[in-house]
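Notes to accompany the following structure.
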Number of protein chains: 2
Amino acid sequence: TQTPGRLKLGAATIGPGWTKVSCPCCVSERVEPLVLVKLGEKVRPETKRWLIRVIGTPQKEGGAALLAHPGEDASGDIIVLSAPRCTLLKATEELGLCKTYHNEEMEAFSYNDRDNFKNADNMEVFLTLAERQHIVKYELDGLRAQRDLRVPGLADNYTLQHRDNIWQKLGEAGVIVDTLPLHNPDQLKDLSEAWYSGNQLAQPLDSVNGYFGSSVAFYFSFLDFYTWSLLPPAILGLSITYFSGRCMNESVSGSLVTSDEDSGLAVSGQMVQAVFSMLWSTVVMELWKRRSSSLSYRWGTMHLAERFAEPRPGFHGDLGVNPVTGRVEPLFSEWQRDLRMALVSVPVVGLFLGLVILGMLCFYWGEAQVQQLHRDWDSLLSQTLLYMPSVLHIAYTNVLGTVYRTVARSLTEYENHREESSFENHLTAKVLVFTFFNCFAVLFHIAFYKQDVPLLRKRLASLLIVTQLLNQVTEVVIPFLVDRFISAPNRTESEDDPQEDKFRNQSNLPVFPGLFAEYIELLVQFGYLSLFSCVFPLTAVLLLLNNLTEIRTDAYKICNLFRKPFSPPRGQHVAFEILSFVSVVSNCWLLLLSPWLQKVCQEGGLSGTNLLLLAVLVEHVLIFVKVVLTVLIPDEPGWIRKKREHIEFTSMQALREQVNPSTTRFTDTKIQLYLC
Amino acid sequence: TQTPGRLKLGAATIGPGWTKVSCPCCVSERVEPLVLVKLGEKVRPETKRWLIRVIGTPQKEGGAALLAHPGEDASGDIIVLSAPRCTLLKATEELGLCKTYHNEEMEAFSYNDRDNFKNADNMEVFLTLAERQHIVKYELDGLRAQRDLRVPGLADNYTLQHRDNIWQKLGEAGVIVDTLPLHNPDQLKDLSEAWYSGNQLAQPLDSVNGYFGSSVAFYFSFLDFYTWSLLPPAILGLSITYFSGRCMNESVSGSLVTSDEDSGLAVSGQMVQAVFSMLWSTVVMELWKRRSSSLSYRWGTMHLAERFAEPRPGFHGDLGVNPVTGRVEPLFSEWQRDLRMALVSVPVVGLFLGLVILGMLCFYWGEAQVQQLHRDWDSLLSQTLLYMPSVLHIAYTNVLGTVYRTVARSLTEYENHREESSFENHLTAKVLVFTFFNCFAVLFHIAFYKQDVPLLRKRLASLLIVTQLLNQVTEVVIPFLVDRFISAPNRTESEDDPQEDKFRNQSNLPVFPGLFAEYIELLVQFGYLSLFSCVFPLTAVLLLLNNLTEIRTDAYKICNLFRKPFSPPRGQHVAFEILSFVSVVSNCWLLLLSPWLQKVCQEGGLSGTNLLLLAVLVEHVLIFVKVVLTVLIPDEPGWIRKKREHIEFTSMQALREQVNPSTTRFTDTKIQLYLC
């Protein structure tokens, strides 16, 4: 039957049938569906009823204090979740989110002081959609068995142990198949119009933060910031190319006498470009830190609570008492993990780095063979064969990269890290080392061993163009085609469908692959630019063009082609600082190789040794300047620092007053000290 | 009259007359005199009575909750202070000190849970003497006027404003001349016997921490650790000197054919020394971080509370509302400070660096002149004159150093930093830059510009010996003589003297100058060793000898020649990491300069350019290795990390339970979840 609320897509209920709230202040007419839980097909109704009961139980009795709706068919395989006001507000304090105080300042939210925060009565304004959905997930992940218990409807020998994570265990048992945040079609439509449909230059970052959460918003902010910061090097690169191009034309057309001076102009352009890009990379990274701390303040994620992390789902080990928390949980000793890293991970990663070098050697060998063949035979076939080594090498590199990513994940899994953060750090380190090697080994080889600047330039240009095109195709065009021609026909949707089916459709979309690969891609870009741009000044221009489309395709992708991801509130994030120091070494060397410089020096009577000495000196001075710049530019703007200190001060002050009123000695009691 | 307690020197009361404690649990028979307050000569008795009253008032009424004794003569110019149990325990929690729990683990102390901590009933065991004295100082510094008030006995127009720091204001008004912690002669005697009287190798660091506090104990621990870590380079240096010396003797006495090989041996020894000292410096710094974190755990300073710092005494500015705390206090804008730094501090520091260079130039010029003169005249007078430039230069350097230290302090004062920590950082930075320049400029000039290794060796040896001797003389011998022959006669002391006079005598000792200069001295040492030791392998031996005496003289100095300093609890402290990276550059260069290497290369057909390339490569590889070492060696041992996390976890858990019992969802309430 058609329920009255069904057509209200924005924040519609899917009919009556929500569990009751336990506290009077949380009663509201409309309940907004936030999260969809998909159950296994064989889950029995009593299990579903039990689960809904647990979800609705107050926290102090071991539940999640959320609202649940069993769907129109009570025995169906979905549960729709929402959160009442009190749960949302308490979690806001627990997470350490900052919100606007009545005096328009941002303050760490405090449940006891909730009436002094703006909009604290209207959850849909007070918290963003992403925050509300994250809180639901946070409450579900926090569900723990209060004692050993049996789950009704499951096999008799299946019991949850005391303090087991209920959501995780039920997931492993196949009761819960999926937990996904729901899209809000109206908001999504507004967002996509403001984001990628038109020709707008600025991204609606606040709306992105509201809808997708701060992790996603930080990625797009970085992309945005980075793209705009490409403008100066792009303009510089364009003008250098223009002037040196004009000089060459002139020298070709007319007087050959000035050719020396002209190429001098070109190379001094190259030098300007090198020094500029070395300092640019440091300044951009520092400015991004400042920008990201402002964003963090703006989005209220400046003062996130740190808590002792629970073990990640895949973590296993012998049961024991955790020395930190005193709780019984699986333990895995540090030295065993170190042993696994030293004896398994390091050799395997080394092997893959070796495979990269092997591929490079094979490529050079193949190219030599093919050219020999071409010289000997000189036919159309041999002409075609000339392209074979390059094509094979690119294919090899890509396959190796894909295989490696899987291997790196298994290796890190095998290392058995306890915390999610440690797992991610080790995975990132592994992927970074390999990607760096895989992308830059050939370029470094050409630059430092072959010392062949024209080849480097050619290679860089082709790499930039081919890789960017490939990326866009694999990331967007293929998912788009798959979605349009394979998935969409199975997912016909009309206005009249029950709300529930629309929810179910969302769970059929592929899972969002995360932003890790996107960041790695940007890192590689940044590497090309800061390490080698002085030999190919148009790098920044190409990257700028690529990123302007990348913003739109990424936005389209996350809005349409994948499930909405959960996105925990995030503070600032790291910048690519190491690369920026390696770039100094690389740029100094590349400058040294420029034939013009060598010639000028020979003419000027500067020996090769002295030139080298000069380069070493310049390198050290530039590194020094970069270190000084890094120290001198504060990581957060002064006003943000003051705001942050204010938030820290007030929340610490509030805490101390609550805990121990006697230690606050600045009370306003009018005690006479003037006694004698 | 002779009071019964007078002869109990250890923890003697100075008779009855202590102010009464306000809570029953703090009543004890013996009261230990901890801190002496010296009043101005003209302070009137009513002011003294008022002050004693304020000191004894409970904290929530705006007092310091301490015990005060007016001395035997109630109108005398001293007040002796002690602290009751409750004040000590509450401050222990406020400071965030860790103490032994009943299960022998270290835990952050919590006043509410005090009965579960070992020895919490006996303050003289529970807290160290240094901690008790620091707490008295901490309470005094925390005294603030609760409202505008007049101090009796002072001029009528002298009023304390609301929230004025009472202790600071009374100090400025001349009421309080001095606040000093008192020595405990028995403990001091035991300590000095265990520390420097005998021939013991190990220092009694725990007793030092107990008596002088963790700042002082950390200094001596570092000195200790650093001295022992000099052993490997000293042994290496000795054997290199021995072997190369033997070779030289052989080659002098007999076959001159092998001299090439021998000098090759010497230089390869030099190479070993260089590579060793580069890696050694990184490893030592990393190990020190681990050691200092263990010490920090052992001494309970691992989890010190951070609090928003009050403005330092000298800070001034227009009154305004602090944006962080919302309190009315002097404000001084950031840009004004930056302006002062940029327009005053930087040029003045630059000027002094210029004066260093000027001195160096004058020295070279003078030396050239004198040698010319000597060649022309060749008399006894001209012979003596030969030493003049060196003597003048050393005198100039020392005078410049002394003047600079005063100037740096005034400059930093002029920059008007709000927090003590920021003041200290800026002062340290100024002094470090100059000291580095003043000590190393000549050496760098000889090494890199003159490229004269023998001169460098000679200069380094003389510098090491002369500087060390000079330091020991100025730091210990002179204060000792002054103490013995000028101060001591005015301070005749006998067993029969009233306790009060002994206390007064302590206030006549000079103020302890702090450990800043000592650290700077160690830094310079470390610089000599890591930057230049490869040309003079005996550096480590000389430093080792120096430090073995330095430990004893420093210990003697702090025990006998100066007042006992207050010493706030301190966590870990920074290491000299930048130097260790500069050392790579310096060592690679010095190796490159060695004549043998140059010769071998010429013979081996390696061009100068390629040799230079090799050196650059080695430099970059070594820096890379050092970075990897820094990352791989964890900054704290695994077991310390677990303990620290445990302390953080339990104190955070305790806090959350106190503040908001509903957010702790792991309570043991036996609620049935198995409902349906």
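Answer yes if at least one residue in region B:59-80 is more than 26 Å from B:Asp148 (Cα to Cα), charged (D, E, K, R), surrounded by 20 or more Cβ atoms within 10 Å (Cβ to Cβ) and in contact (Cβ under 8 Å) with a residue 40 or more places away in the chain, and no otherwise.
The answer is no, given that none of the residues of region B:59-80 is more than 26 Å from B:Asp148 (Cα to Cα), charged (D, E, K, R), surrounded by 20 or more Cβ atoms within 10 Å (Cβ to Cβ) and in contact (Cβ under 8 Å) with a residue 40 or more places away in the chain.
Please go through region A:330-366 and give me each residue that is small (Gly, Ala, Ser) and within 30 Å of B:Gly638 (Cα to Cα), ordered by number.
Residues of region A:330-366 that are small (Gly, Ala, Ser), as a first pass: A:333, A:342, A:345, A:350, A:354, A:359, A:366.
If the condition is that a residue be small (Gly, Ala, Ser) and within 30 Å of B:Gly638 (Cα to Cα), then A:Ser333, A:Ala342, A:Ser345, A:Gly350 are the ones that fit.
Could you list, ordered by first residue, the pairs with Cβ atoms under 8 Å in which the first is in region B:525-537 and without any contact (Cβ under 8 Å) to a residue 12 or more places away in the chain and the second is among the small types (Gly, Ala, Ser), at least 6 apart or interchain?
If the second residue must be among the small types (Gly, Ala, Ser), no pairs are left.
Quick check on my filter: what residues within region B:451-468 are farther than 15 Å from B:Ser390 by Cβ and free of Cβ contacts under 8 Å to residues at least 40 places away in the same chain?
If the condition is that a residue be farther than 15 Å from B:Ser390 by Cβ and free of Cβ contacts under 8 Å to residues at least 40 places away in the same chain, then B:Asp452, B:Pro454 are the ones that fit.
Can you pull out the residues in region B:624-654 that are at the interface with another protein chain (Cβ under 10 Å from one of its Cβ atoms), buried (at least 16 other Cβ atoms within 10 Å of the Cβ) and either in contact (Cβ under 8 Å) with a residue 60 or more places away in the chain or under 22 Å from B:Ser277 (Cα atoms) (or both)?
The answer is B:Lys643, B:Arg644, B:His646, B:Ile647, B:Glu648, B:Thr650, B:Ala654.
Is it the case that region A:591-607 has a residue that's modelled with pLDDT of 85 or more and away from every other protein chain (no Cβ under 14 Å)?
Pass one, region A:591-607, residues modelled with pLDDT of 85 or more: none.
There is no residue in region A:591-607 that is modelled with pLDDT of 85 or more and away from every other protein chain (no Cβ under 14 Å).
Take the conditions surrounded by 14 or more Cβ atoms within 10 Å (Cβ to Cβ) and not assigned by TED's automatic domain parsing to the domain that holds B:Leu127 and apply them to B:Pro311. Does it pass? Steps first, please.
On the way: surrounded by 14 or more Cβ atoms within 10 Å (Cβ to Cβ): yes; not assigned by TED's automatic domain parsing to the domain that holds B:Leu127: yes.
Yes: the conditions hold for B:Pro311.
Specify which of the listed residues (A:Arg552, A:Arg563) is modelled with pLDDT of 85 or more, charged (D, E, K, R) and closer than 21 Å to A:Leu470 by Cα. Steps first, answer last, please.
Details: A:Arg563 fails: closer than 21 Å to A:Leu470 by Cα.
Going through A:Arg552, A:Arg563 in turn, just one is modelled with pLDDT of 85 or more, charged (D, E, K, R) and closer than 21 Å to A:Leu470 by Cα: A:Arg552.
Taking A:Gly174 as the residue in question, decide whether it is in a loop (DSSP other than H, G, I, E, B), on the phi > 0 side of the Ramachandran plot, in contact (Cβ under 8 Å) with a residue 12 or more places away in the chain and within 14 Å of chain B (Cβ to nearest Cβ).
The answer is no for A:Gly174.
Does region B:418-429 contain at least one residue that is assigned to a loop (DSSP other than H, G, I, E, B) and either closer than 21 Å to B:Gly314 by Cα or in the same structural domain as B:Leu523 (by TED's automatic domain parsing) (or both)? Steps first, please.
Kept after step one, since they are assigned to a loop (DSSP other than H, G, I, E, B), are these residues of region B:418-429: B:418-419.
From what is left, the residues that are either closer than 21 Å to B:Gly314 by Cα or in the same structural domain as B:Leu523 (by TED's automatic domain parsing) (or both) are B:418-419.
Checked against the condition, which is being assigned to a loop (DSSP other than H, G, I, E, B) and either closer than 21 Å to B:Gly314 by Cα or in the same structural domain as B:Leu523 (by TED's automatic domain parsing) (or both), region B:418-429 yields at least one hit.
Of the conditions (1) of a type in the set (Asp, Glu); (2) farther than 30 Å from A:Phe308 by Cα; (3) assigned by TED's automatic domain parsing to the domain that holds A:Tyr528, A:Glu367 satisfies every one except a single condition; which number is it?
Evaluating A:Glu367 over (1) of a type in the set (Asp, Glu); (2) farther than 30 Å from A:Phe308 by Cα; (3) assigned by TED's automatic domain parsing to the domain that holds A:Tyr528 leaves (3) as the failure.
What number goes with the only condition from (1) closer than 20 Å to B:Ser567 by Cβ; (2) away from every other protein chain (no Cβ under 14 Å) that B:Trp167 does not pass?
Here B:Trp167 clears every test but (2).
Can you give me the ranges of the helices (runs of 4 or more DSSP H) entirely in region A:281-400 with at least 3 residues that are in contact with a His (Cβ under 9 Å, 6 or more places away or on another chain) and away from chain B (no Cβ under 14 Å)?
Numbers: elements: A:334-340, A:346-377, A:380-385.
In region A:281-400, the matching helices (runs of 4 or more DSSP H) lie at A:346-377, A:380-385.
Say whether the condition of being in contact with a Pro (Cβ under 8 Å, 6 or more places away or on another chain), over 30 Å from A:Ile558 (Cα atoms) and at pLDDT 90 or above is met by at least one residue in region A:229-236.
To start, the set of residues in region A:229-236 that are in contact with a Pro (Cβ under 8 Å, 6 or more places away or on another chain) comprises A:236.
Now restrict to residues that are over 30 Å from A:Ile558 (Cα atoms): A:236.
This time we only want the ones that are at pLDDT 90 or above, so: A:236.
Yes, because at least one residue in region A:229-236 is in contact with a Pro (Cβ under 8 Å, 6 or more places away or on another chain), over 30 Å from A:Ile558 (Cα atoms) and at pLDDT 90 or above.
Could you please let me know if B:Asn157 is surrounded by fewer than 19 Cβ atoms within 10 Å (Cβ to Cβ), out of contact with any strand residue (DSSP E or B) (no Cβ under 7 Å at 6 or more places or on another chain), in a loop (DSSP other than H, G, I, E, B) and in contact (Cβ under 8 Å) with a residue 12 or more places away in the chain? I'd like the intermediate steps shown before the answer.
Numbers: surrounded by fewer than 19 Cβ atoms within 10 Å (Cβ to Cβ): yes; out of contact with any strand residue (DSSP E or B) (no Cβ under 7 Å at 6 or more places or on another chain): yes; in a loop (DSSP other than H, G, I, E, B): yes; in contact (Cβ under 8 Å) with a residue 12 or more places away in the chain: no.
Considered against the rule, which asks whether it is surrounded by fewer than 19 Cβ atoms within 10 Å (Cβ to Cβ), out of contact with any strand residue (DSSP E or B) (no Cβ under 7 Å at 6 or more places or on another chain), in a loop (DSSP other than H, G, I, E, B) and in contact (Cβ under 8 Å) with a residue 12 or more places away in the chain, B:Asn157 comes out as no.
Is there any pair linking a residue in region A:499-521 that is in a helix (DSSP H, G or I) to one that is of a type in the set (Ser, Thr, Tyr), with Cβ under 6 Å and at least six apart or on different chains, and which?
A:Ile520/A:Thr435
Among the residues of region A:378-387, is any at pLDDT 85 or above, aliphatic (A, V, I, L, M) and not assigned by TED's automatic domain parsing to the domain that holds A:Phe423? Break it down into steps so the answer makes sense when it comes.
Pass one, region A:378-387, residues at pLDDT 85 or above: none.
Scanning region A:378-387, I find no residue that is at pLDDT 85 or above, aliphatic (A, V, I, L, M) and not assigned by TED's automatic domain parsing to the domain that holds A:Phe423, so the answer is no.
Cβ contacts < 6 Å: first residue under 19 Å from A:Ser651 (Cα atoms), restricted to region B:298-315; second residue part of a loop (DSSP other than H, G, I, E, B) and among the charged types (D, E, K, R), any location; separation 6+ or different chain. Result?
B:Ala309/B:Glu419
Within region B:545-560, how many residues turn out to be among the aliphatic types (A, V, I, L, M), over 13 Å from B:Ser192 (Cα atoms) and in contact with a Phe, Trp or Tyr (Cβ under 9 Å, 6 or more places away or on another chain)?
At the first step, the residues of region B:545-560 found to be among the aliphatic types (A, V, I, L, M) are B:545, B:548, B:551, B:555, B:558.
Subset that is over 13 Å from B:Ser192 (Cα atoms): B:545, B:548.
Cutting the leftovers down to in contact with a Phe, Trp or Tyr (Cβ under 9 Å, 6 or more places away or on another chain) gives us none.
Summing the residues that are among the aliphatic types (A, V, I, L, M), over 13 Å from B:Ser192 (Cα atoms) and in contact with a Phe, Trp or Tyr (Cβ under 9 Å, 6 or more places away or on another chain) in region B:545-560 gives 0.
Checking B:Asn438 against (1) buried (at least 19 other Cβ atoms within 10 Å of the Cβ); (2) of a type in the set (S, T, N, Q); (3) at pLDDT 90 or above, only one condition comes out false. Which one?
(3)
Select, from A:Val177, A:Val208, the only residue that is closer than 25 Å to A:Thr87 by Cα and either assigned by TED's automatic domain parsing to the domain that holds A:Val476 or surrounded by 19 or more Cβ atoms within 10 Å (Cβ to Cβ) (or both).
Numbers: A:Val177 fails: either assigned by TED's automatic domain parsing to the domain that holds A:Val476 or surrounded by 19 or more Cβ atoms within 10 Å (Cβ to Cβ) (or both).
That would be A:Val208, the only listed residue that is closer than 25 Å to A:Thr87 by Cα and either assigned by TED's automatic domain parsing to the domain that holds A:Val476 or surrounded by 19 or more Cβ atoms within 10 Å (Cβ to Cβ) (or both).
The values are calculated or read from the model by the stated rules, or taken from the named source; none is laboratory data. Computed from a prediction, not measured in an experiment: that's the story for all the values here. Quick reminder, even Gly has a Cβ in these numbers, built from the backbone with ideal geometry, and neighbours come from all protein chains shown.
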